[in-house]
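What follows is a set of notes on a single structure, which appears directly below.
The values are calculated or read from the model by the stated rules, or taken from the named source; none is laboratory data. The structure displayed is predicted, hence computed values, not measured ones. Using ideal geometry, Cβ is built from the backbone for each residue, glycine included, and neighbour counts are taken over all protein chains shown. All accessible areas refer to the heavy atoms of the entire protein, side chains included, with ligands and DNA or RNA removed. Shrake-Rupley method; radii C 1.70, N 1.55, O 1.52, S 1.80 Å.
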Amino acid sequence: RELLTAYDGRPVDAPVRLDQDFRFGPDWRFRRAQVEGRFDAKHQFLLDNRVHQGRVGYFVLTPLQLARSGRAILVNRGWVPQGATREDLPALPVPDTGVPVTIEGLIDFPPERVFALGEGEDRDPGWPKVLQRVRLPLQAEQLGRPLLPAVLLLDPEHPAGFVRDWHPVVFGPERHVGYAVQWFALALVLVVLYLWVNIERADGQGERDAG
């Protein structure tokens, strides 16, 4: 609910200019931002297990080397479908990397805690690298350059991206509330069954002792 509120209530001011000295804070989430730099086509990441219209795929994270800076920012260029097998990675074309570009998008911060089924792929050699979750210190180490502490969600109108239908959450709060009610109801049933079985057992033992 907090994510949806922040997304729906994001300011519509002119985009802020990102550089290596920009001071990020929680209030900047989902704010429009602008940055200038060069895409690094040789070192890209694929964020695994992203679903779009029922199909499984990846988010493409491409580093953008900031102009006049040694730092970079990861740009989420959108969703691409998974291949026939996990070894069949998608093509990740990038516009002319020798030409500086100015792009706009929304500031986002990777979640600190994400449930992941194994993370061995995150450290596999070769590129692109398949990630189960974004860990900016690890990605900075892999790139060999510092990263800004945020991810930029590329504007849907920019031609350098893929499928972009940005929403802060995949499922609304209603589904999560439904899951919570379901699990608490199951837990309550188990507690009632446990108490009933043990009361019956105690009553039976009491009758045997009395006899």
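Key figures
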item: Residue in the range 163-185 that is modelled with the highest pLDDT, counting only those that are closer than 29 Å to residue 45 by Cβ and surrounded by fewer than 11 Cβ atoms within 10 Å (Cβ to Cβ); result: 165
item: Strands (runs of 3 or more DSSP E) (entirely within the range 26-132) containing at least 1 residues that are of a type in the set (Lys, Arg), on the phi < 0 side of the Ramachandran plot and touching a residue at least 40 places away in the same chain (Cβ under 8 Å); result: 32-39, 72-81, 129-131
item: Selection status of residue 85, over 17 Å from the mean Cα position of the chain (by Cα) and closer than 25 Å to residue 35 by Cβ; result: no
item: Count of residues meeting criterion [within 25 Å of residue 96 (Cα to Cα) and under 14 Å from the mean Cα position of the chain (by Cα)] in the range 24-56; result: 3
item: Test for residue 22: is it at pLDDT below 95, assigned to a loop (DSSP other than H, G, I, E, B), open to solvent by 10 Å² or more (accessible area, probe 1.4 Å) and not polar (S, T, N, Q); result: yes
item: The listed residue being out of contact with any Pro (no Cβ under 7 Å at 6 or more places or on another chain), at pLDDT 65 or above and surrounded by 10 or more Cβ atoms within 10 Å (Cβ to Cβ), out of 143, 136, 188; result: 188
item: Test result for residue 160, assigned to a helix (DSSP H, G or I) and either open to solvent by 60 Å² or more (accessible area, probe 1.4 Å) or modelled with pLDDT of 75 or more (or both); result: no
item: Output for the range 51-85, where each listed residue is charged (D, E, K, R) and surrounded by fewer than 20 Cβ atoms within 10 Å (Cβ to Cβ); result: 55, 68, 71
item: Positions within the range 24-47 being under 11 Å from residue 106 (Cβ atoms) and of a type in the set (Phe, Trp, Tyr), in sequence order; result: 28, 30
item: Conditions (1) under 18 Å from the mean Cα position of the chain (by Cα); (2) at pLDDT 80 or above; (3) under 17 Å from residue 42 (Cα atoms); number of the one not met by residue 122; result: (2)
